Amino acid sequence: MLPPAYDAKQYEDAIYKKWESAGAFKAKVNPAKKPFTIAMPPPNVTGTLHLGHAVMLALEDIMIRHRRMKGYEALWIPGTDHAAIATQNKVEKILAGEGMTREKLGRELFLSRVREFVANSKDTIRNQIRKMGSSCDWSRERYTLDEDLSEAVTEIFVKMYEDGLVYRGYRIVNWCPRCESTLANDEVEHEEIEGNFYHILYPVKGEKEGLVVATTRPETMLGDTAVAVNPKDKRYKKYIGKTILLPLTNREIPIIGDDYVDLKTGTGALKVTPAHDPNDFEIGKRHKLATIRIMDGAGRINEHGGAYKGLDRFTAREKVLEDLKTKELLIKIEPLKHNVGHCYRCSAMIEPLTSDQWFIDVNKKVAKLGGKSLKERSLEVVKDKSIQIIPDRFKKTYLNWMGELYDWCISRQIWWGHRIPVWYCVGDGACKPECKNPIVGKTAPRQCPHCGSKQLRQDEDTLDTWFSSGLWTFSTLGWPKQTEDLKYFHPTSMMETGYDILFFWVARMILMTTYAIDDIPFQKVYLHGLVRARDGKKMSKSLGNGIDPIEMIAKYGTDALRMSMVVGTTPGNDVRLYEEKIEGFRNFTNKLWNASRFVLSILEEKGIKAKTKIDPKKLSDADQWILAKLNDTIKKADKGLDKYNIGETGQLLYDFLWNDFCDWYLELSKGEKQNPAVLHFVLKNILHLLHPFMPFVTEEIWSHLPGSQGFLMLQNYPTPIKGKFDGGTIQLGIELIGKIRYLRAENKLDPAKKTPVTIYAHANLGNVEKIRPEIIRLARVSELTLVESGEKLSKAATTMVEGMEIFIPLEGIVDTAKEKIRLGKEIESIHAQIKGMKARLDNPGFVKNAPPAVVAKDRASVLENEEKLEKLKAQWAQF
RNA sequence: GGUCGCAUAGCUCAGUUGGUUAGAGCGUUCGAUUCACAUUCGAAAGGUCCCAGGUUCGAAUCCUGGUGCGACCACCA
């Protein structure tokens, strides 16, 4: 016998171990079956499981388990991501605590330190993925820095280089002075800050007056190489061609005319700093201006900053302003709200600066893509629906973003990651001019192909972490080797992830995969929302409003946590999660447990040791009713999951178990017509249906179910049972019982006492007679008088349902005044209803245009209600 | 600046291709302890489906505009 309360911790880990050691999660190439593949978005090796992961794992596991039970070869590949900058930052922080820096440690020692850290946290995250019940194939676990995955990275890099898609360029990049590395455009977070607009007077050489420029970053004036005005600007036109004597450094810079300058912004005169502003860089190119970079990688002013050399950028700003003030060149300080980029990993303010970096050209047309560019191809596969995005609206978001994509800067000046497979000749004096060209290859070259020098130096930089994760769906299946796995399982069926990494990752996968293997990475993308706190705020450590999934699992069980994150949610919309919600699903888990306990006890009592056949001739009305409901539920659940309406399907199953099965069918089963075969059958189906959602509790109950063999997770998903079942009679009973309970409660009849009830059943007499014992029991009736029709009863509580009149005598038992008021209200409401429907039927347009079925329904309803009204009115007159 | 989303019961949310009286959970109120489950059971109250137009016989649902929140994108100093 099962214990009366389900205690999740007692079972979950053990069940998971059983599954895993039996190899239940493993998938293999099986031509007899259709594959269903999900590549798990690899969590970063830095951390522990958070709710974002938990939602992802719950959804993916539901999809995978459903398909597995439906007979697909279901493969879910787990893995982890080395998360370049994130991991490096984390280890650097640890080092800082020890008074150490990566520079002091040196590259090799630092990397071994990171590896050590990763080994630890990798285990943590792996075990937490298991805790969630994830049925992923651990034998195929991958890590973005695995040898074969690194090989894939190198392979692609070289290929892209050969196709001219990877190139080295001197450009303005987003630079994080904290991480001392570049960032891709979308790794920059724009945040509005309260800054200042500084108006500075730039004297014009040989003139008394000068030009006033406005800037938010005055320190960059140290690198100014021109002042630009709009040629159409009447105010400044005359200055074009003249020279500015740049304050503080006294460099002479030209005044140029450029259409880019907006007459209305600032003062209309723009200081041009090509090395530190993307627009200025473009202007600089147009006018062949010098590019003077004034900062080093850490954001300190370099030798070009003259007296300011060595100062941090913010200190330099203060000092520059101070000096300008002294020289009376600081004309005005105007407060200005403006957007400033910040590093998405460390939140430091981004400094745009010029640098030599590696880029991927997204606009170059290549033969390999049928004469299309990476961008065009990435747009195409979504436009032509090869890849479907759920929910649909994100398709537009994707297309917009992809359409505006700039070349992707892929080199990072950090140590943790895939080192760029590029070498440079640092020859010994015998170098030729072409020795300057980078040597790109899968393996380290022995010598310079041009001069033969053996003195080579590998590029110091590593690749953007998204470069390797962009290959995830196929690199995990063995590419560049043409494995059977790759042929069978790729493209993957589903990419399920948060909408927050649509650009970072999903788009990158599409871009890389279409190029690398001329295939889409996945057929569908399902984007889930962010998990938020009850008040809609983001969960964060600093706000202290976070919920730790591991803690919740310990408290309420994995099944409860999974359900709470999935039920009542829709794709793409954020989910608010709070403890009471999880608690509610803990209760639901317990409900299932106890319903099962009850059924199992009946089966035991009846000596049922195996599955028994349902005899179609021996089905009670209640049996028919529940089987009809079950069939309906199976159909809807299967369809719901096929269409990825996961939240809705969870709700459907919740309602079926709690309302239909427990509240009605099990209660009905406590009578004489108990049918163990049907109880067994329906419970078995419920376990199957709920299994993808709540794998642990269902598997545990399954193991106790007579006749169960093997794991529930490997059983077939239910299909509707053949045969027609008519639940109509019980449905009638349910409504009658409901009304009787209502009348009793409204009139405060003692619930402990049974009450006599009279029903004039009219045409339903035969049916109601069949379920007389059920009504008596569940409505607590002492004596049920069941007749076709009769006189109105004196001072009885009354209502009507399906044309039947229900009476409960009140006289001498309770105060009948209450009933008079209640009945009066009911009459009023019916009256209003009739009025509404009549108005509609009086509308010729309605009768003419509405489907006949709708009109007929209304007509019937009016007749029925009028009859009802008349009868209730007559009864009311009794009081 | 551009794009998108949301607005339904006190709270958190569902709501299928437009069709009687708009649903759930939590919370609230009233009641129940011989029951598989108090992690329970029965009953109830609670809604101008944000506002204004429009399409339609009929709108929570479709269209337009507005208001209020929110998100994302963006190299205007």
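Here is a yes/no grid of residues against (1) surrounded by fewer than 22 Cβ atoms within 10 Å (Cβ to Cβ); (2) out of contact with any Ser or Thr (no Cβ under 8 Å at 6 or more places or on another chain); (3) not in a helix (DSSP H, G or I):
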residue: A:Pro3; (1), (2), (3): yes, yes, yes
residue: A:Tyr6; (1), (2), (3): no, no, yes
residue: A:Ala14; (1), (2), (3): yes, yes, no
residue: A:Thr48; (1), (2), (3): yes, no, yes
residue: A:Ile64; (1), (2), (3): no, no, no
residue: A:Thr80; (1), (2), (3): no, no, yes
residue: A:Ala86; (1), (2), (3): yes, no, no
residue: A:Lys90; (1), (2), (3): yes, no, no
residue: A:Ile94; (1), (2), (3): yes, yes, no
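Filter the range A:746-766 for residues that are closer than 14 Å to A:Val801 by Cα and among the polar types (S, T, N, Q); which is farthest from RNA strand B (Cβ to nearest atom)? Write out each step before concluding.
The first filter runs over the range A:746-766 and keeps only residues closer than 14 Å to A:Val801 by Cα, leaving A:758-765.
Pick out the ones that are also among the polar types (S, T, N, Q) and you get A:758, A:764.
Working: A:Thr758: 19, A:Asn764: 17 Å.
Here the answer is A:Thr758.
Which residue, of A:Asp632, A:Asp623, is surrounded by fewer than 21 Cβ atoms within 10 Å (Cβ to Cβ) and in a helix (DSSP H, G or I)? I'd like the intermediate steps shown before the answer.
Working: A:Asp623 fails: surrounded by fewer than 21 Cβ atoms within 10 Å (Cβ to Cβ).
When all the criteria are applied, what remains is A:Asp632.
Only residues in the range A:747-768 that are at positive phi count as the first member; pair them with residues that are among the aliphatic types (A, V, I, L, M), Cβ under 9 angstrom, at least 6 apart or cross-chain, and list the lot.
These pairs meet every condition: A:Lys748/A:Val814; A:His762/A:Met804.
Please find, within the range A:281-317, the residue that is most open to solvent (accessible area, probe 1.4 Å) out of those that are touching a helix residue (DSSP H, G or I) at 6+ places or on another chain (Cβ under 8 Å) and among the charged types (D, E, K, R).
Here the residue is A:Lys309.
Take the range A:642-672 and flag every residue that is open to solvent by less than 10 Å² (accessible area, probe 1.4 Å), under 16 Å from A:His688 (Cβ atoms) and touching a residue at least 60 places away in the same chain (Cβ under 8 Å).
Listed by number, the residues that qualify are A:Gly650, A:Leu657, A:Phe661.
How many residues are out of contact with any Gly (no Cβ under 9 Å at 6 or more places or on another chain) and buried (at least 18 other Cβ atoms within 10 Å of the Cβ) if we restrict to the range A:390-403?
Count: 2.
How many of the residues in the range A:480-500 are open to solvent by 40 Å² or more (accessible area, probe 1.4 Å) and within 18 Å of A:Gln388 (Cβ to Cβ)?
Summing the residues that are open to solvent by 40 Å² or more (accessible area, probe 1.4 Å) and within 18 Å of A:Gln388 (Cβ to Cβ) in the range A:480-500 gives 1.
Checking A:Glu735 against (1) within 16 Å of RNA strand B (Cβ to nearest atom); (2) over 44 Å from the mean Cα position of the chain (by Cα); (3) charged (D, E, K, R), which test does it fail?
Here A:Glu735 clears every test but (2).
Run A:Ile721 past the list (1) within 16 Å of RNA strand B (Cβ to nearest atom); (2) in a loop (DSSP other than H, G, I, E, B) and report the number of the one that doesn't hold.
Answer for A:Ile721: the failing condition is (1).
From the set of residues in the range A:515-534 that are within 16 Å of RNA strand B (Cβ to nearest atom) and charged (D, E, K, R), which is most open to solvent (accessible area, probe 1.4 Å)? Let's see the steps before the verdict.
Start the filter on the range A:515-534 by keeping residues that are within 16 Å of RNA strand B (Cβ to nearest atom), which leaves A:525-534.
Remaining after also requiring charged (D, E, K, R): A:532, A:534.
Details: A:Arg532: 54, A:Arg534: 128 Å².
My answer is A:Arg534.
In the range A:522-550, which residues are closer than 15 Å to A:Gly572 by Cα and in a strand (DSSP E or B)?
Correct list: A:Lys524, A:Val525, A:Tyr526, A:Leu527, A:His528, A:Val531, A:Arg532.
On the basis of being in contact with a Ser or Thr (Cβ under 9 Å, 6 or more places away or on another chain) and open to solvent by less than 10 Å² (accessible area, probe 1.4 Å), does A:Ala560 make the cut? I'd like the intermediate steps shown before the answer.
Details: in contact with a Ser or Thr (Cβ under 9 Å, 6 or more places away or on another chain): yes; open to solvent by less than 10 Å² (accessible area, probe 1.4 Å): yes.
Yes.
Going through the range A:404-431 one residue at a time, which ones are open to solvent by less than 30 Å² (accessible area, probe 1.4 Å) and within 16 Å of RNA strand B (Cβ to nearest atom)?
Within the range A:404-431, A:Leu405, A:Trp408, A:Cys409, A:Ile410 qualify.
Which of (1) closer than 27 Å to A:Leu311 by Cβ; (2) over 44 Å from the mean Cα position of the chain (by Cα) does A:Val272 not meet, given it meets every other one?
Every listed condition holds for A:Val272 apart from (2).
Is the range A:223-244 home to any residue that is under 16 Å from A:Pro352 (Cα atoms) and within 12 Å of RNA strand B (Cβ to nearest atom)?
Within the range A:223-244, one or more residues are under 16 Å from A:Pro352 (Cα atoms) and within 12 Å of RNA strand B (Cβ to nearest atom).
Which pairs have Cβ atoms under 8 Å, sit 6 or more apart or on different chains, and link a residue in the range A:24-46 that is of a type in the set (D, E, K, R) to one that is open to solvent by less than 10 Å² (accessible area, probe 1.4 Å)?
Matching pairs, first to second residue: A:Lys26/A:Asp137.
For the subset of the range A:227-280 comprising residues that are of a type in the set (Gly, Ala, Ser) and under 21 Å from A:Lys332 (Cβ atoms), which member is most open to solvent (accessible area, probe 1.4 Å)?
Keep residues of the range A:227-280 that are of a type in the set (Gly, Ala, Ser), which gives A:228, A:241, A:257, A:266, A:268-269, A:275.
Among the residues that remain, those that are also under 21 Å from A:Lys332 (Cβ atoms) are: A:228, A:266, A:268-269.
On the way: A:Ala228: 0, A:Gly266: 37, A:Gly268: 2, A:Ala269: 6 Å².
That would be A:Gly266.
The values are calculated or read from the model by the stated rules, or taken from the named source; none is laboratory data. It should be emphasised that the depicted structure is a prediction, and the values quoted were computed from it without experimental measurement. Virtual Cβ from ideal backbone geometry, glycine too; neighbours counted across all protein chains shown. Note: accessible area is taken over every heavy atom of the protein model, side chains too, but ligands, DNA and RNA are not part of it. Shrake-Rupley method; radii C 1.70, N 1.55, O 1.52, S 1.80 Å.
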